[in-house]
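Have a look at the structure below before the remarks.
The values are calculated or read from the model by the stated rules, or taken from the named source; none is laboratory data. These figures come from a predicted structure and were not determined experimentally. Every residue, glycine among them, receives a Cβ derived from its backbone with ideal geometry; neighbour counts consider all protein chains shown.
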Amino acid sequence: MAERLVGRPAPDFTMETATGNGQDFGSASLADYKGKWLVLFFYPLDFTFVCPTEITALSAVAEEFKKLDTEILGVSVDSKHSHRAWINTPVNDNGLGQLNFPLAADITKSVARDYGVLIEEEGIALRGLFIIDPEGEVKCQVVNHNNVGRSVEETQRVLQALQSGGLCPINWKPGQSHLVSK
């Protein structure tokens, strides 16, 4: 059973990354995102079938997230070399093409384990998505079965609701009234 992280400090991490340009390597740590919102999402493996649909959809709206002072970081248990190869594989060949955010390598599986999304017996992560606020607190935690992709629109809506500062009813969207404002 995944541990509840909402309302708690996000587990710390440092991982090597493949940058979205498909050429460079880097690193990412929770401290790099201090002062910004972070959408941290886990996916099972590179070169699979549902994963590229999610990753490329998030990449397509990455600029919209940046306007919301939010960064995106994708994570799987694959190596940074596998990530780079997948980014450099054409979309028509089940590749990603260039991305607008990095992919992090959780080779030791420790980050997936810390976030409660590691399927120990398979050695891969569930589709976990976490929204972390600028102070490093987990504000949203969504975990899906690996056969089901997540909704970019719902992620964006929840982020905006969290940033709005009020009590947001079901299906709330920016510009709509809050139930109660802070």
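General observations
- When residues of the stretch 144-161 are limited to those that are in contact (Cβ under 8 Å) with a residue 40 or more places away in the chain and surrounded by 14 or more Cβ atoms within 10 Å (Cβ to Cβ), the one farthest from Asp69 (Cα to Cα): Asn146
- Residues that are outside any loop (DSSP other than H, G, I, E, B) and touching a Lys or Arg at 6+ places or on another chain (Cβ under 6 Å) were ranked within the stretch 69-105; the one that is nearest to Thr14 (Cα to Cα) is Ala105.
- Top-ranked residue of the stretch 12-47 - restricted to ones that are among the polar types (S, T, N, Q) and in a strand (DSSP E or B), ranked as nearest to Pro102 (Cα to Cα): Thr17
- Out of Cys140, Cys168, sole residue that is free of Cβ contacts under 8 Å to residues at least 40 places away in the same chain and either surrounded by fewer than 17 Cβ atoms within 10 Å (Cβ to Cβ) or not charged (D, E, K, R) (or both): Cys168
- Any hit, the stretch 112-131, residues being touching a residue at least 60 places away in the same chain (Cβ under 8 Å), more than 18 Å from Pro44 (Cβ to Cβ) and in contact with a Leu (Cβ under 7 Å, 6 or more places away or on another chain): yes
Let's see how each residue does on (1) surrounded by 13 or more Cβ atoms within 10 Å (Cβ to Cβ); (2) under 19 Å from Val152 (Cα atoms); (3) at pLDDT 95 or above; (4) touching a strand residue (DSSP E or B) at 6+ places or on another chain (Cβ under 6 Å):
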| site | (1), (2), (3), (4) |
| --- | --- |
| Thr19 | yes, no, yes, yes |
| Gly26 | yes, no, yes, yes |
| Ala31 | no, no, yes, no |
| Pro52 | yes, yes, no, no |
| Ser76 | yes, yes, yes, no |
| Lys80 | yes, no, yes, yes |
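- Set Arg8, Arg84: member being surrounded by 19 or more Cβ atoms within 10 Å (Cβ to Cβ), modelled with pLDDT of 95 or more and more than 17 Å from the chain's Cα centre (by Cα): Arg84
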